[in-house]
Amino acid sequence: MSKRVGMEVTTACAEAAALCRIDVASVYPITPQSHIAEHLSEIVNDGRLDASFMTVESEHSALSAAMGASATGARVFTATASQGLLFMSEILPITSAMRFPVVMIIANRAISGPINIWNDHSDIMHTRDTGWISFFADNGQEVVDMTIQAFKVGENRNVMLPVNVNVDGFQLTHTVEPILFPDQEEVDRFLPEYVPYATLHPDRPVSMGTLGVPEIYAEAQKAKDVAIVNSIKVVKEVWKEWEKLFGRKYEPIQSYRTKDADVALVTMGSMGETAEIAVDALRKQGVKAGLLKIKLWRPFPFAELKKAVKGIRVLAVTDRACSFGGPGGPVFSEIRSALYEESVRPAIVNYLIGLGGRDVQVEDFMEMVRKAAKGKLSEPYEFYGVRG
Amino acid sequence: MNTVKKYPKSIIENFDLYAPKLVSKEEFFSPGHRACQGCGEALAIRLMCKALGKDTIITNATGCMEVVSSVYPTTAWNLPWIHVAFPNAASVGSGVEAGLTALRRKGKIADRRVKSVAIGGDGGTMDIGFQALSGAMERFHDMLYVCFDNEAYMNTGIQRSSGTPFLASTSTAPAGKKIPGNQVWKKNMAEIMVAHNVPYVATATPSYPLDFMNKVKKARRVKGPSYIHCFAVCPTGWRSTSETCIKLGRLALETGIFPLYEVVDGKYRLTVEVPEKRRPVQDYLKGQGRFRHLTPDQIQVIQERVDIEWEALMIKVKHSKSREELRTLRGK
Ligand SMILES: Cc1ncc(C[n+]2csc(CCOP(=O)(O)OP(=O)(O)O)c2C)c(N)n1
Ligand code: SF4
Ligand SMILES: [Mg+2]
C-alpha cells in the first residue's frame, strides 16, 4: 500500500533510489543536489539499504565508478547538477555507448559563468546529445515515480541505456511536498532484479570498451541511435504499467486544456505547474489558452508532439537554456524542426525564461500567451523580461 | 636479481635459476596485439597477467596498451577487461571493486575473491588520472593499480609527461637550439603513493621478470589498495633499438636511475641488489636517441641528481620502520 509522506524532494529521491534496492551509489556533492547524496548515505549507514556508497573525489569519477560497478552487474545510481554534469561530460556518451543502465538525477542548475547555483536547464542541454534517455519531472511525486521508472526503462533488454531524471534545482529539490510512496513489495514487483546482458567476471571474460575504427565507429553510433529511438516504446509501456499499478498517468507530452486551445505554452519541468495556473486564469478571462508539458526529452516524442499540437494556432515555447548564436532555445528549435513537414502547423514563438533562477510568475506566463497570440515576436527569440 | 656465476649448490640458494620454470604457461595477454617490436609495456603486461591469474578484472586507461590490444572486433585479453577513458582507470577500477563487493555481499555472484586491477601509462596515472588515482587509493579499495611508465605520452606521439626524465627530448619538449629538452625532473610517483599510506607500494620492471611477478603477487594478496610503478622501455619513443629493451631496464637499475624496491606498510626494502659501485648514468643514457643531444656537463648534472636520490632512498631503506614495528616500539 502506498503511503503519503511530507518530505523534501531530494530526500524523497534518495528514498526512491533505496526502494529500487540499488547496489552501488557514487555521488559527488554539488548544490542543489547534495541533499540526495547526504540522505542516501544516511540510509546506507543506518543499514536500511545494503549498498556501497562511494564518496568519490569528483563527478568525473562518480560516473566512471558508476560504470565500473555497472559493468559487474550492479544496479547503480548517481546524481549531480550543473558544473558537476559538465565535469562528467567526457564519460556521459561512453556510458550510453557501453549500454550501462545507470540512473542519474540531475538537480538542474545553471552553468557558470557567472557562477550561479539556481535553476535552469543549461546543464542538461549542454550534454543533450550524449545518448541518455531524459525525463523531466514537474513535481516531487513525479521525481519519485520517475526515479523508479528510470531503472525499469534503462534495464529493459531492448533498451540498455542510461537514464537521467531532471529535477529543477531548489524549485523542486528543496521543496517539501506530500508524496505517495509505493511500498517495498510493490516496487519489487514492478522492478525485478537487474539481469545484465554481459558482466565483467572471470568465468566468462569479455572485453568492454574496445577501439572503434572508422569501419565500425559509425555503426556503433547508429546502433546507439536505433536503441534510443526504439526506447520510446518501452518508456510508454512502463508508464502504462505504472498507471495501472499506481493510478498516476505519464505521457511523453502531457496536454493541459488544449482541446480547443488557440495559443498553447510549452514547458519542461516544474514551471509547468505555474503555467497551468496561468492557463486557468486566462481561460477565466475568455482566452483560449492551453499548455503542453514535455516529460520525455530524449528520445524526443515526435509523433506525440504532432498529435498534441493539432488545432493549436500558436505555440509559445519556453526555453530555460540558450543556444548562443543559434536559432533560439533548444526546445524551440527541436519543436520547430519537428513540425516543419506538417502541412498544417502552428506558428511558433520562443521565450527564454527562468535563466539562473530568475523567477517566472503566473502573470508572466499570461503575458507570454497574450504576446504570442500575434503569432510572431519582434525578435526570433525573446529573453523575456530581461534588461539590456 | 643476482646472476649466479657459480655452479648451483642448492635450489633455495639459486631459486632464481629454477623459478622461471614455475611461471604459469597460461597466457592472458595473447600474442597478436599490435605493440611495436621490443615494447617493454606489452611484455610487462603479459608477465603481470601471468602473476595475477584468472580471478582478475582489468581496467585499462586509454593509451598504447589499450589501443594495441583491443581493436574491435579483436581483443588480446583473456581476462575480463574494460576500457572507458584516459583519466579514469582508477575510478572505473574502484567501481568494479565496489560492484563486486556489493554483489558478493548480497549473494548475487559467487563468493569468490576477484581482484580489480587498474592499469595506465605514465600520462594516465601521473598526470590526467592523478586525481582519480589519489581518490581510489585514499578510499582504500581492494584494488591494485599498476602504472606502466614509458616516460611520455607514447600513444599520441611521444609528448612529454610528468614522468619524462630531465632533458629528455620529446615531441613537446624537443631538444632545441636554446632549450635542450624537458626542463624538469621526473615526478616520483611511488613516493606519492607511499604518502597515501598504501599498504604495498613497489617499483618494478620487466627486465627483472621474477621480481616484477613476485611484486604483483604480493600486491594482489593485499586486502586494500596496492600500487606498482613499472618502468617500461619504449623503443619507439626513446629512439632505442628494440633488442635493447631488457638491457635498458637493467641499466636503469645498475646506474641507480630506477631502483627496484618495495614499501610494505611504510618500510622500504631493495628487492634487487644494485652493484656496490653503481654504473655511471652515461651507460644508460647513451643507447637512447632521446638523450643524444646531452653535453658532458648536462650528463654530470643528471649524475649528481641520481646520486642524491639514491642516497635519499638508502636512508629510507636503512631507517624506515613499518607501522607494525612502530606500534611494537611504542608498546615497550
Ligand atoms: C581527456 C583526454 N585527453 C587526451 C587524450 C589523448 N590521449 C590519449 S592516450 C594519451 C597519452 C597516453 O600516454 P600514457 O598514459 O603515458 O600511455 P602510453 O601511450 O605512453 O602507454 C593521450 C594524450 C584523451 N584520450 N583523452
Ligand atoms: S609506442 Fe612504445 S609503448 Fe607504445 S606500443 Fe610502441 S613500444 Fe610500446
Ligand atoms: Mg606513457
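A few points about this structure:
- With a requirement of 1 or more residues that are within 15 Å of ligand 3 (Cβ to nearest atom) and under 25 Å from A:M208 (Cβ atoms), the strands (runs of 3 or more DSSP E) lying completely within segment B:76-195 that satisfy it span B:115-121, B:143-149.
- Among residues that are more than 14 Å from chain A (Cβ to nearest Cβ), within 16 Å of ligand 3 (Cβ to nearest atom) and buried (at least 17 other Cβ atoms within 10 Å of the Cβ), B:F212 is not included.
- Taking the criterion of being more than 14 Å from ligand 1 (Cβ to nearest atom) and assigned to a strand (DSSP E or B), the residues of segment B:23-75 that qualify are B:F29, B:T56, B:I57, B:I58, B:V71.
- When segment B:57-91 is filtered for residues that are within 19 Å of A:R204 (Cβ to Cβ) and at the interface with chain A (Cβ under 7 Å from one of its Cβ atoms), the ones remaining, listed by number, are B:I57, B:T59, B:S70, B:Y72, B:T75, B:W77, B:N78, B:L79, B:P80, B:W81, B:I82, B:H83.
- For A:A74, the criteria (1) within 11 Å of chain B (Cβ to nearest Cβ); (2) over 28 Å from A:A227 (Cβ atoms); (3) in contact with a Leu (Cβ under 8 Å, 6 or more places away or on another chain) hold in every case but one, which is (2).
- Evaluation of B:P235 against (1) buried (at least 16 other Cβ atoms within 10 Å of the Cβ); (2) under 25 Å from B:P174 (Cα atoms); (3) out of contact with any Ser or Thr (no Cβ under 7 Å at 6 or more places or on another chain) (one fails), failing number: (3)
- Any hit, segment B:290-309, residues being surrounded by fewer than 16 Cβ atoms within 10 Å (Cβ to Cβ) and farther than 26 Å from B:G176 by Cα: yes
- Of all residues making up segment A:198-215, the number that are within 7 Å of chain B (Cβ to nearest Cβ) and under 30 Å from the mean Cα position of the chain (by Cα): 5
- Contacts under 9 angstrom Cβ, first residue in segment B:222-242 being over 21 Å from B:L133 (Cβ atoms) and more than 14 Å from chain A (Cβ to nearest Cβ), partner within 16 Å of ligand 2 (Cβ to nearest atom) and aromatic (F, W, Y), 6 or more apart: B:G237/B:Y153
- Annotation: of all residues in segment B:244-289 being of a type in the set (D, E) and in contact with an Asp or Glu (Cβ under 8 Å, 6 or more places away or on another chain), the one that is surrounded by the fewest Cβ atoms within 10 Å (Cβ to Cβ) is B:D283.
- Close contacts from segment A:80-105, counting a first residue that is more than 11 Å from A:W132 (Cα to Cα) and a second that is among the basic types (K, R), with Cβ to Cβ under 8 Å and a gap of 6+ residues or different chains, come to A:A81/A:R109; A:S82/A:R109.
- Number of the exception - B:R139 against (1) surrounded by fewer than 24 Cβ atoms within 10 Å (Cβ to Cβ); (2) more than 9 Å from chain A (Cβ to nearest Cβ): (2)
- Residue that is farthest from the other protein chains (Cβ to nearest Cβ) [pool: residues in segment B:105-131 that are without any contact (Cβ under 8 Å) to a residue 40 or more places away in the chain and more than 13 Å from ligand 1 (Cβ to nearest atom)]: B:D111
- Of the residues screened, B:E97 is one that is within 11 Å of another protein chain (Cβ to nearest Cβ), touching a residue at least 40 places away in the same chain (Cβ under 8 Å) and on the phi < 0 side of the Ramachandran plot.
This table checks each residue for (1) more than 16 Å from ligand 1 (Cβ to nearest atom); (2) within 14 Å of chain A (Cβ to nearest Cβ).
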position: B:L133; (1), (2): no, yes
position: B:Y145; (1), (2): no, yes
position: B:P165; (1), (2): no, no
position: B:P174; (1), (2): yes, no
position: B:M189; (1), (2): no, no
position: B:V194; (1), (2): yes, no
position: B:Y200; (1), (2): yes, no
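- For segment A:28-47, the count of residues that are buried (at least 24 other Cβ atoms within 10 Å of the Cβ), hydrophobic (A, V, I, L, M, F, W, C) and either touching a Lys or Arg at 6+ places or on another chain (Cβ under 8 Å) or under 27 Å from B:I58 (Cβ atoms) (or both) is zero.
- Test result for A:Q83, more than 14 Å from chain B (Cβ to nearest Cβ) and surrounded by 22 or more Cβ atoms within 10 Å (Cβ to Cβ): no
- Residue count for segment A:9-41 satisfying the condition of being away from every other protein chain (no Cβ under 14 Å), among the β-branched types (V, I, T) and assigned to a loop (DSSP other than H, G, I, E, B): 2.
- Any hit, segment A:196-203, residues being touching a helix residue (DSSP H, G or I) at 6+ places or on another chain (Cβ under 8 Å), of a type in the set (F, W, Y), not assigned by TED's automatic domain parsing to the domain that holds A:L296 and not in a helix (DSSP H, G or I): no
- Selection count, segment B:218-232, where residues are surrounded by fewer than 24 Cβ atoms within 10 Å (Cβ to Cβ) and either closer than 25 Å to B:V306 by Cα or not charged (D, E, K, R) (or both): 2
- Odd one out for A:H60 among (1) facing chain B (nearest Cβ under 9 Å); (2) within 25 Å of A:K152 (Cβ to Cβ): (2)
- Qualifying positions in segment A:160-193 - within 14 Å of another protein chain (Cβ to nearest Cβ) and touching a strand residue (DSSP E or B) at 6+ places or on another chain (Cβ under 9 Å): A:P162
The values are calculated or read from the model by the stated rules, or taken from the named source; none is laboratory data. Computed from a predicted model, the values in this text were never measured in an experiment. Don't worry about glycine lacking a Cβ; one is built from the backbone with ideal geometry, like all the others, and counts go over all protein chains shown.
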